[in-house]
Amino acid sequence: MTITSRAAVARTDPPSTPPGEIRPAPRAGRAALPVILLATFLATANFFVVNVALPVIGRSLRADAALLQLVVAAYSVSYAAALVAGGRLGDRYGRRRVMILGLVAFAVTTVACGLAPNAETLVVGRLVQGAAAGLFAPQVLSTIQATYAGAARQRALAGFGAALGLACVAGQLYGGVAVAVDLAHLGWRVVFLTVAPLGLLIAALAVRFVPETRGRAVPLDLRGAALLTLCLGLLLVPPSLGAPAGWPAWSLVALAGAPVAAYVFVRDQRRRERAGGAPLLPPSLFRLVPFRRGLGVVAAFFVGVGGFLLTTGISLQEGLGMTPLGAGLALAPYAVGFLAVSLAVPRLVARYAGRVVVVGAVVLAAALAAVAVQAGLDYRELTGWTLLPAFVVIGVGQGLVMIPVFGVVLAEIPTDRAGVASGVLTTTQQAAVAVGVAVLGTLFFQVADATPGGVGWRAATVAVFAGEAVLAVLTGLLAVRLAGRRTDR
């Protein structure tokens, strides 16, 4: 083979390379991937870090169940709405630059959350915090797509999935420990105030280790972003605020307006793409069969994850009387199961591909159903020890789905569509988590309130775990079609 210059090699790049994309930089260094995965970890853990602390926040700020749901959901709604726009900003102005800007803004808003004088201010702070996370989080997948190829890209995507799952687990554990330690008598506020320096640290590491990359610069679809935010708000706010108030007229009107807003959004996106523009969510992407199937898997799975990680901590504390630290320790076996399987998933995916997701969904459904049965038979006797086997298996099942699902789906997507596809998948993930918080959270509190005392908490716990088991079964059924197509190829 004739040795050519780097410039000549660059001119012979395959045509699938997106216009304006910077090719992988061999001098990026091994530290780049851990740094960007830390950014993913931070954005995801911040969603879950408040879950175990929610009862303490509620008592401290005198917040009812509706406001507590909004404290959780507000972050996901603004995060999901900002993700695709954040990805476009990274393409235009540089992914590292936008990542650093988002991390600094995230740190500032996290401090504001920690200093919030009331629940309403905390909800607003979480909204702004989610938007800041929506700036830096999409740069992770985009940077992976730009700087890795082949087997290295698959390993990086597996690392991305592992970071997501470990963040879910670590966020809950840290929330319990931080509230229990009560550093400087700050109570729940320490959960936020100690996270902010981590954002600044990751920003500093990104300056040093993460290479700058850009994509094809396209105009920002501000109208599409506004319509998407409206859709999410109309869908998620009524269950959180309207259900506890007995579904007043405004909540029913808002909920009925959600499909109308969705219709207007879809029409706007189609019109923009037909005119040669760059819509926020390109409708043509949904004509790719693997993408549609993968989107269904991600949506069904993360609705269940959102419900599980909101209601489990509350059930352990309010229903069973555990302390925040006790609830965090009860969830530790779940973390162990997830961590253990995360070490094996890359090898399993290399051998079995999408079938790993199917097996994980089946395992998860069985474990969730087992907890529902345990709670139904003798709720008051549930302890960290009696829940240990099921929680370990839940961690294993979630790991087998969460870690490989993004890589399995993106492996089926043409290279020139992978960037926008990853953005849509991540947006769907966050929106699904918010839906899980709103819908399963509403179900949980409604059932618990319907029958006061231990009977109500038992019925609520059985209801949500059974619902999550059904969602896991649906995830498996959708994953069968995705895995079958990949196997047949």
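The values are calculated or read from the model by the stated rules, or taken from the named source; none is laboratory data. Predicted model only: the values in this text are computed from it and were never measured. Backbone-built Cβ (ideal geometry, glycine too); neighbour counts: all protein chains shown.
In the set 447, 455, 405, only one residue is farther than 14 Å from residue 312 by Cα, assigned to a helix (DSSP H, G or I) and touching a residue at least 24 places away in the same chain (Cβ under 8 Å); that residue is 405. Residues satisfying the criterion are present in segment 319-329 (criterion: touching a residue at least 12 places away in the same chain (Cβ under 8 Å), under 21 Å from the mean Cα position of the chain (by Cα) and closer than 16 Å to residue 169 by Cβ). The residues in segment 249-278 that are closer than 19 Å to residue 88 by Cα, modelled with pLDDT under 85 and surrounded by 12 or more Cβ atoms within 10 Å (Cβ to Cβ) can be counted, and the count is 2. Say we look at segment 385-398 and pick out the residues that are without any contact (Cβ under 8 Å) to a residue 60 or more places away in the chain and under 26 Å from the mean Cα position of the chain (by Cα); which of these is nearest to residue 313 (Cα to Cα)? Going through the qualifying residues, I end up with 387. A single member of 140, 128, 124 is buried (at least 22 other Cβ atoms within 10 Å of the Cβ) and of a type in the set (Val, Ile, Thr), and it is 140.
Screening segment 143-154 for residues that are assigned to a helix (DSSP H, G or I) and in contact with a helix residue (DSSP H, G or I) (Cβ under 6 Å, 6 or more places away or on another chain) and picking the one that is surrounded by the fewest Cβ atoms within 10 Å (Cβ to Cβ) gives 154.
Going through (1) over 22 Å from the mean Cα position of the chain (by Cα); (2) in contact (Cβ under 8 Å) with a residue 24 or more places away in the chain; (3) buried (at least 19 other Cβ atoms within 10 Å of the Cβ) one by one, residue 239 falls short only on (1). The residue of segment 109-153 that is nearest to residue 42 (Cα to Cα), among those that are of a type in the set (D, E, K, R) and over 20 Å from the mean Cα position of the chain (by Cα), is 153.
When residues in segment 28-84 are screened for being farther than 21 Å from residue 199 by Cβ, in contact with a Gly (Cβ under 9 Å, 6 or more places away or on another chain), of a type in the set (A, V, I, L, M, F, W, C) and crowded, with 23+ Cβ neighbours inside 10 Å, 4 of them pass.
Testing residue 455 on (1) of a type in the set (A, V, I, L, M); (2) more than 23 Å from residue 357 (Cβ to Cβ); (3) touching a Leu at 6+ places or on another chain (Cβ under 8 Å); (4) modelled with pLDDT under 85, one condition comes back false. Which one is that? Just one mismatch for residue 455, condition (3). Put simply, of 351, 380 the only residue that is in contact with a Lys or Arg (Cβ under 9 Å, 6 or more places away or on another chain) and either on the phi < 0 side of the Ramachandran plot or assigned to a helix (DSSP H, G or I) (or both) is 380.
None of 304, 296, 319 is under 27 Å from residue 74 (Cα atoms) and crowded, with 24+ Cβ neighbours inside 10 Å except 304. Within the set 37, 61, the sole residue that is more than 22 Å from the chain's Cα centre (by Cα) and modelled with pLDDT of 85 or more turns out to be 61.
What's the number of the only condition in (1) touching a residue at least 24 places away in the same chain (Cβ under 8 Å); (2) part of a loop (DSSP other than H, G, I, E, B) that residue 247 fails to meet? Single failed check for residue 247: (1). A single member of 364, 400, 368 is at pLDDT 90 or above and in contact with an Asp or Glu (Cβ under 6 Å, 6 or more places away or on another chain), and it is 368. For the condition under 27 Å from residue 329 (Cα atoms), touching a Lys or Arg at 6+ places or on another chain (Cβ under 8 Å) and crowded, with 24+ Cβ neighbours inside 10 Å, residue 375 qualifies. Looking at segment 268-311 only, could you name the residues that are over 19 Å from the mean Cα position of the chain (by Cα), in a helix (DSSP H, G or I) and not polar (S, T, N, Q)? Correct list: 268, 270, 271, 272, 273, 274, 283, 285, 286, 287, 289, 290.
Candidates in segment 192-236 are the residues that are β-branched (Val, Ile, Thr) and surrounded by 22 or more Cβ atoms within 10 Å (Cβ to Cβ); of these, the one that is modelled with the lowest pLDDT is 213.
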